[in-house]
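What follows is a set of notes on a single structure, which appears directly below.
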Amino acid sequence: MTTTVKPPTWFWVVSIIALLWNLMGVFNYLNQAFNQQAILETLDQAQREAFEGIPAWATAAFALAVFSGTLACIGLLLRKKWARPLFILSLLAAVVQFIHWLFISNAVEAFGPSTYAMPVIVIIIGIYLILFSKKGIEKGWLT
């Protein structure tokens, strides 16, 4: 028999913000997948080559990262401990995607040093959400 503890209000606030963050990632993935021509029209030649050179495995990692992160956030809101492995999967997939974008492709040369900003933010938030869900399990907020 397990007992659950009612989470504090800030747990719900963080969980909703995390869901909104991940939904923005889903929107960005869908935009990249279904609006490529409009994106390409805004890029210079070097940026266009970097964008067009994204392999299927990196795109799949992007999709896996945002969709598993979104499901993990839904798990938080449902107070389920299966959210944590989904957050881990999301972070690992994001890292795989960023390895290509930052170290294999010419994205940094094409887009400049600011290319590092979003990957750093995503990784920090990903680590935080893993630790947040771990704390939720330890405190009995997630079952």
> What number of residues within the stretch 123-143 are touching a residue at least 60 places away in the same chain (Cβ under 8 Å) and either in contact with a Cys (Cβ under 8 Å, 6 or more places away or on another chain) or assigned to a helix (DSSP H, G or I) (or both)?
Replying inline: 5
> Restricting attention to the stretch 1-19, and to residues there that are hydroxyl-bearing (Ser, Thr, Tyr) and at pLDDT 95 or above, which single residue is nearest to Thr70 (Cα to Cα)?
Replying inline: Ser15
>> Being surrounded by fewer than 18 Cβ atoms within 10 Å (Cβ to Cβ) and among the aromatic types (Phe, Trp, Tyr) is the filter here; which residues of the stretch 118-135 pass it?
In response: Tyr128
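Okay, residues lined up against (1) touching a Gly at 6+ places or on another chain (Cβ under 8 Å); (2) under 30 Å from Thr9 (Cβ atoms):
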| position | (1), (2) |
| --- | --- |
| Ile39 | no, no |
| Phe51 | no, no |
| Trp57 | no, no |
| Ala60 | no, no |
| Lys80 | no, yes |
| Ala94 | yes, yes |
| Pro113 | no, no |
| Ile127 | no, yes |
| Lys135 | no, yes |
> So which of Ile124, Ile137 ends up being at pLDDT 95 or above and in contact with a helix residue (DSSP H, G or I) (Cβ under 9 Å, 6 or more places away or on another chain)?
Replying inline: Ile137
>> Need pairs with beta-carbon distance below 9 Å; first residue within 12 Å of Ala107 (Cβ to Cβ) and in contact (Cβ under 8 Å) with a residue 60 or more places away in the chain and within the stretch 52-63, second surrounded by 14 or more Cβ atoms within 10 Å (Cβ to Cβ) and among the acidic types (Asp, Glu); sequence gap 6+ or separate chains.
In response: none
>> Can you list the helices (runs of 4 or more DSSP H) lying wholly within the stretch 1-117 that have 1 or more residues being touching a helix residue (DSSP H, G or I) at 6+ places or on another chain (Cβ under 6 Å) and either surrounded by 17 or more Cβ atoms within 10 Å (Cβ to Cβ) or among the basic types (Lys, Arg) (or both)?
In response: 9-34, 45-52, 56-77, 83-99, 107-111
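The values are calculated or read from the model by the stated rules, or taken from the named source; none is laboratory data. Predicted, not measured: the structure shown is a model, and the values here were computed from it. We place every Cβ from the backbone using ideal geometry, glycine too, and count neighbours over all the protein chains shown.
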